[in-house]
Amino acid sequence: EARLTTLLSDPPSKEGGEEATIDDLYEHVLARIEEDIEEDYEVEAFKAIWASRNGLERDELLKLTGMPPAKWAEIQNILDENLFESGGKITFGNQFIRKAVEDMHLPSDEGKRSAHRWLGEWFDQIACRDGVDQRIAEELPWQYQQAGMNKELIETLTDEAVFENLFDRDSYELIRYWLDLEENPVPYYERSWNEWRDNSDDEAELFDSGFRLAEFLRELGANSPIVTAIYQQSLKT
């Protein structure tokens, strides 16, 4: 009876006068889990899953939080169907537990931006160490966008490897990033193209990057001299 009273009461994050919601119940459940688990790994894990774009792979979650596999197994066993795994990525099983994590641990806009900055910087470290792949292209620019880190987002979008992966992934997603930035991408890519050429020692790879860039600028309807130059070079190659 006492437990039911607790579960149906307003959680600490609830302000007076607000209607009761299902995520209030989940806040009490999460509080009980966090009380039962000895270390604080679960809080960092919940924040990381919340901030991820479409979930995190198990290895990513463990490395990001420094959590031992046995500890994650304990958390996963407790949450059961409240976690969902698809395509190798772990995310929340419903919107209510996600909202409960947000209310408990990320109530402020700055807290949310900080969580996205944390993941963005972590994926950036992975990219610097291991190179860029589709997984990096999926998460890194999105995290910087959500964190409001426009300078870092522009640097990421104009990185040769990230650009290639994003273009291959979805060129319209690339366009949406620039629309949200409210910046004209053409001058940035014109400067980047010169840097890509100066730093390249593989003509074939440079041509592949250049052709993607020309196609992207053509999609934008950009009247840039580098588009003509790249297409002319492709005829010679």
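The values are calculated or read from the model by the stated rules, or taken from the named source; none is laboratory data. Everything numeric here is computed off the predicted structure, so don't read it as measured data. Using ideal geometry, Cβ is built from the backbone for each residue, glycine included, and neighbour counts are taken over all protein chains shown. Heavy atoms of the whole protein, side chains included, go into the accessibility calculation; ligands, DNA and RNA do not. Shrake-Rupley method; radii C 1.70, N 1.55, O 1.52, S 1.80 Å.
For segment 72-109, which residues satisfy the criterion of being open to solvent by less than 30 Å² (accessible area, probe 1.4 Å), farther than 22 Å from Thr21 by Cβ and either of a type in the set (Ser, Thr, Tyr) or part of a helix (DSSP H, G or I) (or both)?
Trp72, Ile75
Out of all the residues in segment 208-218, is one or more open to solvent by 50 Å² or more (accessible area, probe 1.4 Å) and small (Gly, Ala, Ser)?
The answer is no, given that none of the residues of segment 208-218 is open to solvent by 50 Å² or more (accessible area, probe 1.4 Å) and small (Gly, Ala, Ser).
Taking the stated definitions as given, is Phe96 in contact (Cβ under 8 Å) with a residue 40 or more places away in the chain and aromatic (Phe, Trp, Tyr)?
yes
Going by the structure shown, is Leu25 in contact with a helix residue (DSSP H, G or I) (Cβ under 7 Å, 6 or more places away or on another chain), more than 26 Å from Leu7 (Cβ to Cβ), assigned to a helix (DSSP H, G or I) and not basic (Lys, Arg)?
Spelling it out, it is not the case that Leu25 is in contact with a helix residue (DSSP H, G or I) (Cβ under 7 Å, 6 or more places away or on another chain), more than 26 Å from Leu7 (Cβ to Cβ), assigned to a helix (DSSP H, G or I) and not basic (Lys, Arg).
Read through the list (1) at pLDDT 90 or above; (2) open to solvent by 30 Å² or more (accessible area, probe 1.4 Å), then give the number of the only condition that Ala229 fails.
(1)
Enumerate the helices (runs of 4 or more DSSP H) found wholly within segment 117-202, keeping only those where 2 or more residues are of a type in the set (Ser, Thr, Tyr) and open to solvent by less than 80 Å² (accessible area, probe 1.4 Å).
In segment 117-202, 160-181, 185-199 are the helices (runs of 4 or more DSSP H) which contain 2 or more residues that are of a type in the set (Ser, Thr, Tyr) and open to solvent by less than 80 Å² (accessible area, probe 1.4 Å).
Take Glu57 and decide whether it is of a type outside the set (A, V, I, L, M, F, W, C), surrounded by fewer than 18 Cβ atoms within 10 Å (Cβ to Cβ) and modelled with pLDDT of 95 or more.
In short, yes.
Being of a type outside the set (Asp, Glu), out of contact with any Leu (no Cβ under 8 Å at 6 or more places or on another chain) and at pLDDT 95 or above is true for just one of Arg113, Arg169. Which residue is that?
Among Arg113, Arg169, only Arg113 is of a type outside the set (Asp, Glu), out of contact with any Leu (no Cβ under 8 Å at 6 or more places or on another chain) and at pLDDT 95 or above.
Can we say Glu35 is surrounded by fewer than 16 Cβ atoms within 10 Å (Cβ to Cβ), of a type in the set (Asp, Glu), more than 28 Å from the chain's Cα centre (by Cα) and part of a helix (DSSP H, G or I)?
Answer is yes for this residue.
Let me spell it out: the conditions are (1) at pLDDT 95 or above; (2) open to solvent by less than 30 Å² (accessible area, probe 1.4 Å); (3) not in a helix (DSSP H, G or I), and Leu64 meets all of them except one. Which number is the exception?
Of (1) at pLDDT 95 or above; (2) open to solvent by less than 30 Å² (accessible area, probe 1.4 Å); (3) not in a helix (DSSP H, G or I), only one is false for Leu64: (3).
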